[in-house]
Amino acid sequence: MTLLTKIFGFIIRRPQEAAIILLALMLAVMYWQLRHETGRAEQLTAKIEGLPPDTKQTVTIYREHVVTKWRDGPTKIEYRDRYLPPEGHVEVVSKVDQPEKPPEVVVKDRGFTRRLGGGIVYSRKLLALVDFKWAYLGRYSLTAGITPQFGGIGISRHVDDFTPFQNLEVQCIAGLGWGAKFSFGIGLRTNF
């Protein structure tokens with residue numbers, strides 16, 4: 001309630017500054033929406049546009065998506081859209097002994113990794129976090145982290161599918177504090 005009182009007091013005392021802040025926020029939201037819709041349009045274009053007559057398969061990598069299109073019959077074109085995490089990679093395996101078959105696209109979206117990261121978590125107050133990501137499966141990851149009050153194991157999820165920020169994750173971490181007390185925190189992290 002006191003936060004709302006302070007906000008309304010600021011608007012009443014300084015209406016010009018409040019209008020400028022509101023306009024800047026509206027422009028930021030409009031820019032984010034334009035960027036998001038442009039990205040979706042490019043991704044849909046990669047899915048919709050057809051294949052040239054002599055092409056059997058194409059692979060398009062757009063940010064965190066791998067779109068594979070292949071010809072299934074004379075006129076039917078199918079596609080598959082897969083998520084590619086920042087830790088993963090794409091391999092295109094061609095078969096030397098079977099040149100008539102299209103190459104196989106292997107998207108590595110699970111496995112083990114060694115990525116140092118950091119961020120902030122809330123556990124009764126905001127705390128700095130340094131962590132180590134050691135396994136991932138699609139958008140989800142397992143981490144081991146340390147804060148000034150506790151250390152523990154956490155799980156995180158990439159949020160780049162619904163936010164404009166790439167390589168940003170929401171993380172939950174739980175572990176024992178320095179006084180052997182159980183602690184839990186939730187916050188944001190990124191990879192270094």
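The values are calculated or read from the model by the stated rules, or taken from the named source; none is laboratory data. Everything numeric in this text was worked out from a predicted model, so none of it was measured. Neighbour counts run over all protein chains shown; Cβ positions are idealised from the backbone, glycine included.
General remarks:
- Against the criterion of being within 28 Å of the chain's Cα centre (by Cα), at pLDDT below 75, under 19 Å from R82 (Cα atoms) and not assigned by TED's automatic domain parsing to the domain that holds F165, T45 qualifies.
- Residue ID - modelled with the lowest pLDDT, chosen from residues in region 165-183 that are of a type in the set (A, V, I, L, M) and under 19 Å from the mean Cα position of the chain (by Cα): L168
- Unmet criterion (only one of (1) farther than 30 Å from L129 by Cα; (2) out of contact with any helix residue (DSSP H, G or I) (no Cβ under 7 Å at 6 or more places or on another chain); (3) free of Cβ contacts under 8 Å to residues at least 40 places away in the same chain; (4) assigned to a strand (DSSP E or B)) for R114: (1)
- Residue tally, condition surrounded by 20 or more Cβ atoms within 10 Å (Cβ to Cβ), under 18 Å from A128 (Cα atoms) and out of contact with any Cys (no Cβ under 8 Å at 6 or more places or on another chain), over region 151-190: 7
- Conditions (1) modelled with pLDDT under 90; (2) within 16 Å of G185 (Cβ to Cβ): number failed by W70: (2)
Here's the yes/no breakdown for (1) under 20 Å from R63 (Cβ atoms); (2) of a type outside the set (D, E); (3) modelled with pLDDT under 90:
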{"position": "D81", "(1), (2), (3)": "yes, no, yes"}
{"position": "Y122", "(1), (2), (3)": "no, yes, no"}
{"position": "G152", "(1), (2), (3)": "no, yes, no"}
{"position": "R157", "(1), (2), (3)": "yes, yes, no"}
{"position": "T163", "(1), (2), (3)": "yes, yes, yes"}
{"position": "G185", "(1), (2), (3)": "no, yes, no"}
{"position": "R189", "(1), (2), (3)": "yes, yes, no"}
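- No other residue among S94, S141 is surrounded by 14 or more Cβ atoms within 10 Å (Cβ to Cβ) and among the polar types (S, T, N, Q) apart from S141.
- From the options V92, V107, residue that is touching a Gly at 6+ places or on another chain (Cβ under 7 Å) and outside any helix (DSSP H, G or I): V107
- Out of G111, G119, one residue alone is surrounded by 14 or more Cβ atoms within 10 Å (Cβ to Cβ) and within 22 Å of R157 (Cα to Cα). It is G119.
So that you can scan it fast, the table gives a plain yes or no per residue for (1) touching a residue at least 40 places away in the same chain (Cβ under 8 Å); (2) more than 9 Å from G185 (Cβ to Cβ):
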position: Y122; (1), (2): yes, no
position: D131; (1), (2): yes, yes
position: W134; (1), (2): no, yes
position: G138; (1), (2): yes, yes
position: T143; (1), (2): yes, yes
position: I155; (1), (2): no, yes
position: T163; (1), (2): no, yes
position: L168; (1), (2): no, yes
position: A174; (1), (2): no, no
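- Exclusive hit being within 21 Å of R40 (Cβ to Cβ) and of a type in the set (A, V, I, L, M, F, W, C), set V106, V66: V66
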